[in-house]
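This report concerns only the one structure given below.
Every read-out reported here was derived from the displayed coordinates using simple, explicitly stated rules and does not represent laboratory data. Fair warning: this is a prediction, and the values are worked out from it, not measured in the lab. Counting neighbours? That spans all protein chains shown, and the Cβs are built from the backbone with ideal geometry, glycine included.
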Amino acid sequence: MPPVRRADAQQAIRERAARSERIVLVPHAIAQMRDRDIDFLDVQRCLRRGKAIRGPYIPPDSATGEVRYAVETVVGGDCLRAIVELPDEPADVVITVFVVE
């Protein structure tokens, strides 16, 4: 069962993101990173230092039914936001990532 409280989820995301192999990027996130000139290290920094600003929520169109959180921080002068799922396995699954305008 994923954390319910946002603060607990934020801590779990940071702990998992401390090791790069525990960050899983779905194809959509990879495509968005490429289009938006965001690299893996930027995503890892966002997850390691970011604040969970939204969640827990499950979007109505979710294919997995997993709880999601929006994590945000400043990376390289830009405000970066990642949408993350926290499945039971010890990995952060990044759904998408973008620069907040």
Out of all the residues in the range 1-43, which are more than 12 Å from the chain's Cα centre (by Cα), farther than 18 Å from THR96 by Cβ and of a type in the set (Lys, Arg)? ARG5, ARG6, ARG19
Residues being under 8 Å from the mean Cα position of the chain (by Cα) and under 14 Å from VAL67 (Cβ atoms) - total across the range 82-93: 5
Flag for ILE23 being touching a helix residue (DSSP H, G or I) at 6+ places or on another chain (Cβ under 7 Å) and either farther than 18 Å from GLU89 by Cβ or not charged (D, E, K, R) (or both): yes
